[in-house]
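The values are calculated or read from the model by the stated rules, or taken from the named source; none is laboratory data. On a predicted model such as this, the values are computed, not experimentally measured, just so you know. Glycine gets a Cβ as well: all are built from the backbone with ideal geometry, and neighbour counts include every protein chain shown. Calculation scope for accessible area: heavy atoms of the full protein, side chains included, ligands and nucleic acids excluded. Shrake-Rupley method; radii C 1.70, N 1.55, O 1.52, S 1.80 Å.
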Number of protein chains: 2
Amino acid sequence: MQYPEPIAKLIDSYMKLPGIGEKTATRLAFFTLDMPQDEVDEFAQDLHDAKTKLHFCSICGNITDQDPCVICSDPSRDQTRILVVEQPKDIMALERMNEYHGLYHVLHGVLSPTTGKGPEDINIKSLLTRLQQHTEVKEVIIATNATPEGESTAMYLARLIKPAGIKVTRLAYGLAVGSDIEYADAMTLIKAVEGRQEM
Amino acid sequence: MQYPEPIAKLIDSYMKLPGIGEKTATRLAFFTLDMPQDEVDEFAQDLHDAKTKLHFCSICGNITDQDPCVICSDPSRDQTRILVVEQPKDIMALERMNEYHGLYHVLHGVLSPTTGKGPEDINIKSLLTRLQQHTEVKEVIIATNATPEGESTAMYLARLIKPAGIKVTRLAYGLAVGSDIEYADAMTLIKAVEGRQEM
């Protein structure tokens, strides 16, 4: 016996999401059957809206429902700094700290020889155009992830941008706040020692 | 800065699913944005269909898109046995073993004094009516979960059904196949010893 088709199809749809296997998808599908009709309808509508109403900001590449996005169109933000991230969700993490008030640029990926991602496949060209057009930019802060790919993308960008006389910085590596040295991996410790600061 | 509304709403919808917190919901929502349009539309449609096209079988309470369900309407199945489960998904687990060819009955819950679920709140009455109408039923196999609530529901049902001269059985307790005695909990070991069988 198979599941009735509507639930089998819903399980298949849930399984397309990352980290959700058959067992979890089945649990979610049966949970959906127990949800109130209006919540399920809202869920379906939200899926549709997220896909149709959102697009990438034509300036920075952030996800937005207006163009330019709220950050790019906010004149009160520091126009002299651009912080470069891999993904739109990184912007949210940085905005939550409420400390940085400059602009952003989203690469939508990193250079990755293993998956064949070259400079043309990520949002680098628009960053360079942006730097040419907006000569008020004095600093590019590279906040790619602390991974080998993130690191090599950062170095690639630094080599491209520094010749134009723009300061290029990279987020600090080190121990996470609240973490134990005992459990820190060797690379993090090396970086934490290298980056030590005078007290 | 907040997320644009369409994505914030989608995150909220994902968070209504069991076991999905804000971080996972955010990851799923951003993943959704990267999915092809047709897959997202299909997902939305599947959610809608699952809710509108499925209902409970009027005989056994299983989830179905036809009434009676494929099992109840299959004359080749053994009409003398009814296996009682808590939830429709339990039927799928049992059907996968391809060993049992009788009928089913879904309680849609268990008796639970802590959550105030009494005999009227679960699908017991329809089981008794079914047994009265179909005198060919010779055995009721109770397959509620191996929890205190599942156990007391099984005992409650046995007391109701046995006086009608119908055999009532309960799935065996014991060690899971492939499990280590070392890691079995005390209750399981007690049940495994109690239920030991001659070799």
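Key figures
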quantity: Residues located in segment A:78-105, provided they are of a type outside the set (A, V, I, L, M) and more than 21 Å from A:Gly165 (Cβ to Cβ); calculated: A:Glu86, A:Gln87, A:Pro88, A:Lys89, A:Asp90, A:Glu95, A:Arg96, A:Asn98, A:Glu99, A:Tyr100, A:His101, A:Tyr104
quantity: Long-range neighbours under 9 Å by Cβ, at least six apart or interchain, first residue assigned to a strand (DSSP E or B) within segment B:94-120, second among the aromatic types (Phe, Trp, Tyr); calculated: B:Val106/B:Phe56
quantity: Considering residues of segment B:78-96 that are open to solvent by 40 Å² or more (accessible area, probe 1.4 Å) and closer than 23 Å to B:Thr135 by Cβ only, the residue nearest to the chain's Cα centre (by Cα); calculated: B:Arg81
quantity: Total residues in segment B:36-66, condition outside any helix (DSSP H, G or I) and more than 7 Å from chain A (Cβ to nearest Cβ); calculated: 10
quantity: Any pair with Cβ under 8 angstrom, 6 or more apart, that starts in segment A:156-184 at a residue that is farther than 15 Å from A:Ala143 by Cβ and ends at one that is open to solvent by 70 Å² or more (accessible area, probe 1.4 Å) and outside any helix (DSSP H, G or I); calculated: A:Ile166/A:Lys138; A:Ile181/A:Leu175; A:Ala184/A:Leu175
quantity: For B:Leu103: the one exception among (1) closer than 24 Å to B:Asn145 by Cβ; (2) at the interface with chain A (Cβ under 7 Å from one of its Cβ atoms); (3) out of contact with any Asp or Glu (no Cβ under 6 Å at 6 or more places or on another chain); calculated: (2)
quantity: Residue in segment B:135-144 that is out of contact with any strand residue (DSSP E or B) (no Cβ under 6 Å at 6 or more places or on another chain) and either closer than 27 Å to A:Ala29 by Cα or of a type in the set (A, V, I, L, M, F, W, C) (or both) present; calculated: yes
quantity: Condition broken by B:Lys191, with the remaining ones in (1) out of contact with any Asp or Glu (no Cβ under 7 Å at 6 or more places or on another chain); (2) within 22 Å of B:Val70 (Cα to Cα) satisfied; calculated: (2)
quantity: Selection status of B:Val110, more than 24 Å from A:Ala44 (Cβ to Cβ), at the interface with another protein chain (Cβ under 7 Å from one of its Cβ atoms), open to solvent by 20 Å² or more (accessible area, probe 1.4 Å) and β-branched (Val, Ile, Thr); calculated: no
quantity: Test for A:Val137: is it farther than 18 Å from A:Ala158 by Cβ and either more than 14 Å from chain B (Cβ to nearest Cβ) or β-branched (Val, Ile, Thr) (or both); calculated: no
quantity: Residue satisfying all of: in segment B:126-158; exposed (fewer than 14 other Cβ atoms within 10 Å of the Cβ) and under 18 Å from the mean Cα position of the chain (by Cα); farthest from B:Tyr173 (Cα to Cα) among these; calculated: B:Pro148
quantity: Sole exception among (1) open to solvent by 70 Å² or more (accessible area, probe 1.4 Å); (2) in the same structural domain as B:Met155 (by the TED database) for B:Gln66, by number; calculated: (2)
quantity: Of all residues making up segment A:6-34, the number that are open to solvent by less than 30 Å² (accessible area, probe 1.4 Å), more than 7 Å from every other protein chain (Cβ to nearest Cβ) and either of a type outside the set (Gly, Ala, Ser) or not in a helix (DSSP H, G or I) (or both); calculated: 3
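So that you can scan it fast, the table gives a plain yes or no per residue for (1) more than 20 Å from B:Cys69 (Cα to Cα); (2) of a type outside the set (Ser, Thr, Tyr):
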{"position": "B:Met97", "(1), (2)": "no, yes"}
{"position": "B:His101", "(1), (2)": "no, yes"}
{"position": "B:Val106", "(1), (2)": "no, yes"}
{"position": "B:Gly116", "(1), (2)": "yes, yes"}
{"position": "B:Asp121", "(1), (2)": "yes, yes"}
{"position": "B:Gln132", "(1), (2)": "yes, yes"}
{"position": "B:Glu136", "(1), (2)": "no, yes"}
{"position": "B:Thr147", "(1), (2)": "yes, no"}
